[in-house]
1. In a Gaussian network model over the chain where Cα atoms closer than 10 Å are linked, find which of Gly281, Gly362, Gly89 has the largest mean-square fluctuation.
2. Which order results if Arg378, Arg416 are arranged by neighbouring Cβ count within 10 Å, fewest first?
3. Only helices at least 15 Å long along their axis, Cα-based, and averaging 0.0 or more on Kyte-Doolittle count here, so list those DSSP H runs from the chain.
4. Under 5 Å between amide hydrogens, which residues at least 5 positions from Thr35 or on another chain qualify, with H placed 1.01 Å from N in the peptide plane?
5. Highest GNM mean-square fluctuation, the chain, Cα pairs closer than 10 Å: which of Phe415, Phe202, Phe255?
6. Which of Lys14/Lys390; Lys267/Lys374; Lys201/Lys282; Lys149/Lys282; Lys136/Lys201 have a Cα-Cα distance over 32 Å?
7. For the range 266-326, which GluC sites (Glu not before Pro) pass both filters: DSSP loop (anything but H, G, I, E, B) and at most 15 other C-beta atoms within 10 Å?
8. Residue by residue through the range 47-60, what is 3J(HN,Hα) from phi via Karplus (6.51 cos²θ - 1.76 cosθ + 1.60, θ = phi - 60°)? Round to whole Hz and write x for glycine and proline.
Amino acid sequence: MTNRKIEHWATDEKSAWQSRDYAQEQGGQAGLQLTGELFQTVEGFGGCFNELGYLALRHLSDEDRRQWMHALFHPEGEHRFTICRLPIGASDYAERWYSHNEHDGDLSMEHFSIERDFEYLIPYIREALSCNPDLKLFASPWSPPTWMKTPKAYNYGTLRWEPEILRAYALYFVKFVQAYREAGITIHQIHVQNEVIADQKFPSCVWTGERLREFIADYLGPAFEEHGLDTEIWLGTLNAPEPWEELVKKQTTDFDDYAAVVLSDPKAYRYIKGVGYQWAGKYAIQRTAASYPELRYMQTENECGDGLNSWGYARYVYNLFQHYFMNGVHAYIYWNMLLEPKGRSTWGWEQNSMATADPDSGQLTRNPEYYVMKHYARYVVPGARRMGLKGPWAGRSTAFRNPDGSLAVVVSNPFRDNRELVLEHEGEKLRFELTAGSFNTIVIGA
């Protein structure tokens, strides 16, 4: 190990992404030991393309905009995003609510159109693809077309459970994939519904596990086969009600009534390539991955905060990264990559973002969560394998072996004073000083 290049990068509340020295190899009791066990393979990191994000991007100067997109998406940038999300129709961070077919009763989808997306989403995505042509994309609806729902509205409600509606909705997904392909953009995955349990005042649609199973098995999967689509179908994005009072009230559980119902059905299972979890779904992912280790898993939407972009919330987000990777995800997706200050949606919710763009000055501000993402995405590359850990620091650390043999160890010091970390791997030890309240990435060359 001593002959390898070693880097230590640290971020705390006062300074971001600072290079730190490390001590010479020496003895001492290991606080963190890399065991050599290898677990899931990392597919990458990313964020979501939303309309309000593109409007914020327009506030930047040409040079700041170029640098920002390079930092996120270019293979030599700071984050090197490889997989990103987009909505099918309006998300809750759309400039206005819409679907791709609001012609009542158009069961054959003759009036399906992605014309709206050419105004905001497609230019945003194309700009990212110009930095990284290999960027993968997954998409999910927040709401079906309103005429397919009860009640007839974007927010609240459920899908009309009638065979002709279900066939038409499966065709709606097919048309979306085909239309984006015609626009030169490949949709690699479809997730059936954003937050299947969320009955919200913004675009949403509630599903049960039984309905997800039936729709995938009898409508969506066969429709993709019929039209020769190789786009993957994922069971996502699953959230779960919390706390326990909500579970009791809705007579549901986080795993047994959703993932377990769908994946235990052989007909539905044959179509599903992975499971996407977000928000309260973090309580179900461990049981799902333990039950179906052969599937792939993704954290599909980083929890969004309150628009203050505080250091305290960044510490919470760091723990989300660590939790999801330790419980089996192959990818971690941020929510809004860029917003205006306070991140206010058109319906009034204020949320965090990796960076903010001031509409008056055009100033770009990188927020604390930008660096949380960087501590993972900068040196953990697609194809990396998560490594086993032991010791007192294991509960706040994650380690990866990259395809080139290099190691990336991400560890936080949540304490109010500086702490010493002795890292042990293959019988050798290195000593690092972790500043109070810091995030750290330690890179050990091949």
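1. Gly362
2. Going from sparsest to densest Cβ surroundings: Arg416, Arg378.
3. Those that clear 15 Å and a mean of 0.0 are 121-131, 163-182.
4. Gly388, Leu389, Lys390
5. Taking springs between Cα atoms under 10 Å, the residue moving most is Phe415.
6. Over 32 Å Cα-Cα: Lys267/Lys374.
7. Glu294
8. Each residue of the range 47-60 in turn: x, 10, 7, 10, 4, 5, x, 5, 5, 5, 4, 5, 6, 7 Hz.
None of the figures in this text is laboratory data; all of them are computed from the coordinates on show. Just so we're clear, the structure is a prediction, and the values are computed from it rather than from any experiment. Cβ: placed from backbone, ideal geometry, glycine included. Neighbour counts: every protein chain shown.
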